[in-house]
Amino acid sequence: MVVDISKMEEGMDRNIKKEKKKKKKRELDREQEIENLVEKTQQHLDSNRKIKKRKDPDPEENLPEKKAKFSIKLNTENKASEKDEDTSDGIKSKLEPLNKGKGPKIIVAKEDKKQEDESTMSKRKLKAIKRQQEGRIHETKGMNKALEYLHNWKNARDTWKFEKCRQNWLLSHAYDQNKIKESDFCVLLEYITSIRGGMREATRSSALKESGKEVGKSEKSRASRILQ
């Protein structure tokens with residue numbers, strides 16, 4: 001039996017070509033199926049979004065426009081003849097028609113004269129006033145510390161310590177009843193008797209000068225009691 005090899009090869013080539021065509025067709029069909037599936041999915045998503053928009057419309061679209069409950073219009077044009085009418089009374093008279101009837105009232109607050117004075121003051125004056133206030137606060141603190149120093153000398157001698165600045169304050173204000181009251185002055189007299197040396201002499205000479213001045217009776221009385 002003789003086999004024709006050339007025919008066998010031709011048959012095999014045909015079969016290979018047929019298989020390739022079938023394979024290519026299957027691939028094309030699969031790609032087409034995938035494209036169709038993607039398209040259907042996209043259409044489904046779009047339809048769901050449209051339905052959701054119909055169910056949940058934008059709340060801001062259907063809201064009615066809010067109207068103001070009231071409106072106030074003030075004439076801001078100032079005539080030349082009304083330049084001097086800037087006081088609070090003049091403004092109040094202009095606003096009286098607006099305050100009639102229901103609704104909120106317009107109140108014009110009067111500015112405090114002290115604030116006006118401060119605004120018109122120069123920077124130097126303001127600084128001077130501030131310095132005076134700080135000086136008073138400092139003086140009050142010094143007075144409290146000096147009197148505490150005196151009380152400690154009288155009542156707590158064991159823990160008391162000499163402080164020259166407190167002593168100087170007490171001696172320089174010894175004649176002032178507003179700063180050193182009578183009960184504290186009696187303690188101060190005892191303290192002065194304990195002073196020795198040049199400070200004692202300086203205190204006596206200061207009392208002599210005070211007694212020779214034209215001062216009140218209380219100052220002279222204190223000076224004479226220091227000299228005794």
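The values are calculated or read from the model by the stated rules, or taken from the named source; none is laboratory data. As the structure is a prediction and not an experimental result, all values here were calculated from the model. As a convention, Cβ positions derive from the backbone with ideal geometry for all residues, glycine included, and neighbour counts pool all protein chains shown. The area values use the complete protein model at the heavy-atom level, side chains included, leaving out ligands, DNA and RNA. Shrake-Rupley method; radii C 1.70, N 1.55, O 1.52, S 1.80 Å.
Overview of results
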| quantity | calculated |
| --- | --- |
| Only one of E219, E214 that is of a type in the set (D, E) and surrounded by 12 or more Cβ atoms within 10 Å (Cβ to Cβ) | E219 |
| Residue selected from the stretch 155-165 under the condition assigned to a loop (DSSP other than H, G, I, E, B) and hydrophobic (A, V, I, L, M, F, W, C), by the criterion most open to solvent (accessible area, probe 1.4 Å) | F162 |
| E201, sole failed condition from (1) open to solvent by 50 Å² or more (accessible area, probe 1.4 Å); (2) not in a helix (DSSP H, G or I) | (2) |
| Residue match in the stretch 146-154 (condition: open to solvent by 80 Å² or more (accessible area, probe 1.4 Å), more than 16 Å from S218 (Cα to Cα) and either in contact with a strand residue (DSSP E or B) (Cβ under 6 Å, 6 or more places away or on another chain) or not β-branched (V, I, T) (or both)) | yes |
| Residue in the stretch 167-186 that is surrounded by 17 or more Cβ atoms within 10 Å (Cβ to Cβ) and β-branched (V, I, T) present | yes |
| Filtered residues of the stretch 187-197 (kept if open to solvent by 60 Å² or more (accessible area, probe 1.4 Å) and either in contact with a His (Cβ under 6 Å, 6 or more places away or on another chain) or in a helix (DSSP H, G or I) (or both)) | E190, T193 |
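The rows are residues; the columns are (1) part of a helix (DSSP H, G or I); (2) touching a residue at least 12 places away in the same chain (Cβ under 8 Å); (3) touching a His at 6+ places or on another chain (Cβ under 8 Å).
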residue	(1), (2), (3)
R131	yes, no, no
W169	yes, yes, no
Q177	no, yes, no
S183	yes, no, no
S206	yes, yes, no
K209	yes, no, no
K220	yes, no, no
